[in-house]
Amino acid sequence: MKKKLKLAILFGGQSGEHEVSLMSATSVINNIDREKYSLYLIGITKSGKWMLYDGHPDNIEDGSWEKDGKPLIFPADPTYGGFFLLSDPHKVYKVDVIFPVMHGPHAEDGTIQGLFELANIPYVGCDVVASSTGMDKAISKSIFQCHNLPQAKYSVVLKRDYIRDREATLLDIEASFEYPVFIKPANLGSSVGISKCYDREQLARGLDEASKYDRKIIVEEFIDGYEIECAILGNNHPKASVLGKIIPCNDFYDYEAKYFGDGKSELIIPAPLTEEKSEEIRRIAIEAFKSLDCSGLARVDFFVHRKTGDVYLNELNTMPGFTKISMYPKLWEASGIPYSELMDELIDLALDRFNEKHHMEF
Ligand SMILES: Nc1ncnc2c1ncn2[C@@H]1O[C@H](COP(=O)(O)OP(=O)(O)O)[C@@H](O)[C@H]1O
Ligand SMILES: [Mg+2]
């Protein structure tokens, strides 16, 4: 029998999407083939403490795993090839591949990927550059623009400028955008800090809210569209899944609608679009993936205008949700790749990319 790969699944993290990660990771852990992988479950608390957890996966989602976690150090030093527990620094746990099932800053933005690079351990998903550009909506939008990919009109406001002169910022925005307008922190996800603003008072509140999370704020034209998502899988030759449509249960697909809407937000797979429209979206999704030089996986999100049918690229998520109701695994399932096979493919892609990189001369 083939030797089992030692897979470290990372969950939690310091971002505002800590709880989402707990849900995603639980799904991954429950669906991965234990015949092929021996798992190390590594949780990162909100304060950034890393711990090995060897209890039941059911205790991850509610955070109670933390009381049984054993503090560990995951060194950047590549000669370790893994981690050790603080209680026994002489015993090194070797790791063959890492799956960081975490979302948001310090998790999906290239920072932790940088640690894996230094430690010289293969990992699932995008590398440092793709993760950081994918996370930063201001940067990714400007790259999409360079590639002539269609997107909503937007501008970037610095928090510092807004704080210095609120009135001028509000007037500037009103001069360029019609209400309602979307306000988002540049670096986040799961709709945290995002507002749909219908008037000046809400705009000011939206800017205040987004300012809590980032020094850069995105102002964006409202697109009255259907929300369509496409899953991408691959490295150099990525493939696109069938498309999914989301019908949010709230005014927009906010945090509550995403995770706690009691299933009232609907996912429709495949999305009811013409073959031609679907092909157009899949093609743009692959172009977006390549434009940021992504690898492994990404979920690319769109709006399709209700009246004109025009397609707008909204964003690219380098570590999409993996909860049992998440679009990414569902789209692959509908495209013929069941959840546990998807895990295998992601891990193979991680190893492939690592090997490709390590056959270069430096
Ligand atoms: N320009 C827009 N027009 C219409 N709805 C939008 C727009 N931007 C965001 N939204 C709504 O807000 C949600 C979250 O915005 P998004 O940019 O996807 O941020 P996040 O990274 O947090 O998912 C979207 O799924 C959509 O429902
Ligand atoms: Mg989104």
**Request:** Report, by residue number, each residue of the range 273-295 that is closer than 15 Å to THR133 by Cα, part of a loop (DSSP other than H, G, I, E, B) and of a type outside the set (D, E, K, R).
**Result:** LEU292, CYS294, SER295
**Prompt:** So which of SER191, SER195, SER140 is among the polar types (S, T, N, Q), modelled with pLDDT under 95 and within 15 Å of ligand 2 (Cβ to nearest atom)?
**Reply:** SER191
**Message:** Is it the case, given these coordinates, that SER295 is more than 16 Å from ligand 2 (Cβ to nearest atom) and open to solvent by 20 Å² or more (accessible area, probe 1.4 Å)?
**Reply:** no
**Request:** Can you give me the number of residues within the range 183-228 that are among the small types (Gly, Ala, Ser), assigned to a loop (DSSP other than H, G, I, E, B) and more than 7 Å from ligand 1 (Cβ to nearest atom)?
**Result:** 2
**Message:** Which of the numbered conditions does ALA298 fail, given that it passes all the others? Conditions: (1) closer than 20 Å to ALA152 by Cβ; (2) in a helix (DSSP H, G or I); (3) of a type in the set (Gly, Ala, Ser).
**Reply:** (2)
**Request:** Could you tell me whether GLY225 is touching a residue at least 60 places away in the same chain (Cβ under 8 Å), within 16 Å of ligand 2 (Cβ to nearest atom) and over 21 Å from the mean Cα position of the chain (by Cα)?
**Result:** yes
**Prompt:** Quick one: how many residues across the range 27-57 are assigned to a loop (DSSP other than H, G, I, E, B), in contact with a helix residue (DSSP H, G or I) (Cβ under 9 Å, 6 or more places away or on another chain) and small (Gly, Ala, Ser)?
**Reply:** 1
**Cross-chain or 6+ apart pairs with Cβ under 9 Å, the range 151-180 first and within 16 Å of ligand 1 (Cβ to nearest atom), then outside any loop (DSSP other than H, G, I, E, B) and open to solvent by 70 Å² or more (accessible area, probe 1.4 Å)** = GLN151/GLN145; SER155/ASP172; VAL157/ASP172; TYR179/ARG200
**Complete:** Restricting attention to the range 316-332, the residues that are closer than 18 Å to ALA271 by Cα and either within 13 Å of ligand 1 (Cβ to nearest atom) or crowded, with 17+ Cβ neighbours inside 10 Å (or both) number exactly 7
**Request:** Return yes or no: is VAL95 under 22 Å from the mean Cα position of the chain (by Cα) and not assigned by TED's automatic domain parsing to the domain that holds ALA298?
**Result:** no
**Item:** Hits in the range 95-144 (condition: surrounded by fewer than 24 Cβ atoms within 10 Å (Cβ to Cβ) and aromatic (Phe, Trp, Tyr))
**Value:** PHE144
**Request:** Run down TYR312, TYR339 and say which single residue is within 16 Å of ligand 1 (Cβ to nearest atom) and either free of Cβ contacts under 8 Å to residues at least 24 places away in the same chain or of a type in the set (Ser, Thr, Tyr) (or both).
**Result:** TYR312
**Asked** Does GLU174 fit the bill of being charged (D, E, K, R) and either more than 19 Å from MET135 (Cβ to Cβ) or part of a loop (DSSP other than H, G, I, E, B) (or both)?
**Response** yes
**Message:** Against the condition in the same structural domain as GLU287 (by TED's automatic domain parsing), at pLDDT 95 or above and within 19 Å of the chain's Cα centre (by Cα), how does ALA210 come out, does it pass?
**Reply:** no
**Prompt:** For the range 73-94, how many residues meet the condition of being in a strand (DSSP E or B) and either crowded, with 20+ Cβ neighbours inside 10 Å or among the aromatic types (Phe, Trp, Tyr) (or both)?
**Reply:** 3
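The values are calculated or read from the model by the stated rules, or taken from the named source; none is laboratory data. What you are looking at is a predicted structure, and each value in this text was computed from that prediction instead of being measured. Neighbour counts are summed over all protein chains in view; Cβ atoms, including those assigned to glycine, are modelled from backbone coordinates with ideal geometry. Just so you know, the surface numbers come from the protein's heavy atoms only, side chains and all, with ligands and any DNA or RNA stripped out. Shrake-Rupley method; radii C 1.70, N 1.55, O 1.52, S 1.80 Å.
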